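The values are calculated or read from the model by the stated rules, or taken from the named source; none is laboratory data. All figures in this text were calculated on a predicted structure; none of them were measured in a lab. For neighbour counting, all protein chains shown are included, and Cβ atoms are generated from backbone atoms with ideal geometry for every residue, glycine included. Calculation scope for accessible area: heavy atoms of the full protein, side chains included, ligands and nucleic acids excluded. Shrake-Rupley method; radii C 1.70, N 1.55, O 1.52, S 1.80 Å.
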Amino acid sequence: MIEVLFIQIPAGANRDKMFAGLRSVVSKECYAEVLGYGNKEVALRRLLGEALVRFALKKYWNLTSEDYRIDRGEKGKPFIVGVENVFFNISHSGDYVVCAVSDWEIGIDIEKRAKARMEVAGRFFHGEEVAQLKMLEEDKQDQLFFNYWSVKESFLKYIGTGLTRPLNSFIVSFSGGDVSLFEGGNKLPLYVHACPVDDGYACHVCCEYEELTGIHEIFLEEITGC
């Protein structure tokens, strides 16, 4: 099973009201942590991420907050303590927060599309990926750049290293609608799925399942109950 949930932050929404509504949904530790954030938008996305996770755990496993604890690994990847075979991952960019849950390990990333940053690609992407980007016209180059970035992040989050592992240590290959990962010339036994959250964003999930179970938009009222 692999389910992807996403929430769009409503334009012009009252941030104070959203914070108040989310306070009873997330853990006390999470809420106390975000109070120290200097950026209120980052704090809100942190709250929404944990709220999505807890919503998903209740929806798909009927788990309440008393059944588990959320902790972080050595490299910062969050995981569930107290329940076996339950995994999740969170990402946010722009107006969206996304969450993937599964009974196997998983990684998800979302990136808001903009202009391709070829100087970044040249420094951090694999040479074969840079060559592919240089062959494209501007619009297609922009699209592929953020597809590469999202896929790479999803894989690094899947393995739990984050950006401590170089982005050029593996190759992302797109062929039709399929995405493949190669390391040292060998294709990795993983699946990467595009998540059509919004045309203005690149979103991919890396996992061990050949197919996604579902992609669902969640609204704030569903999470907070008000």
* Structure fact -> If one builds a Gaussian network model of the chain from Cα atoms under 10 Å apart, the most fluctuating residue listed among Gly82, Gly177, Gly107 is Gly177
* Given the peptides 186-196, 67-77, arrange them by the average over their residues of other C-beta atoms within 10 Å, most packed first. => 186-196, 67-77
* Asked: Using a cut-off of 27 Å between alpha-carbon atoms, which lysines can reach Lys112, once sequence neighbours fewer than 8 places away in the same chain are excluded?
  -> Lys17, Lys40, Lys75, Lys77, Lys134, Lys140, Lys152, Lys157
* Hey, if you put +1 on the Cβ of every Lys and Arg and -1 on every Asp and Glu Cβ in the chain, which of Val97, Gln132, Ala32 ends up farthest toward the positive end of that dipole? -> Ala32
* Would you list which aspartates and glutamates come within 12 Å of Lys28, measuring only between C-alpha atoms, while excluding same-chain residues fewer than 8 positions from it? => Glu50
* Asked: Expressed in nm to one decimal, what extension gain is obtained for the pair Thr213 and Lys115 from 0.36 nm per residue of sequence separation less their Cα-Cα distance?
  -> 32.1 nm
* Would you mind working out the accessible area per residue for the chain, using a 1.4 Å probe, and quoting it in Å²? => 52 Å²
* Along Cα→Cβ, 7 Å out, is where each label goes; now give me the distance between the ones at Asn85 and Trp104 in nm to one decimal. => 1.3 nm
* Asked: If we sort 110-121, 88-99, 203-214, 26-37 on the protection proxy, mean other Cβ atoms within 10 Å, highest first, what's the order?
  -> 88-99, 203-214, 110-121, 26-37
* With charges set only on the Cβ (+1 for Lys and Arg, -1 for Asp and Glu), what does the dipole of the stretch 120-218 come to about its Cα centre, in debye to the nearest 20? -> 520 debye
* **Mean residue ellipticity (222 nm) of the chain, computed from DSSP H runs ≥ 4 via -39,500 (n - 2.57), nearest 500** => -11000 deg cm²/dmol
* **About the Cα centre, charge dipole magnitude for the stretch 1-134 (Lys/Arg +1, Asp/Glu -1 at Cβ), debye** => 600 debye
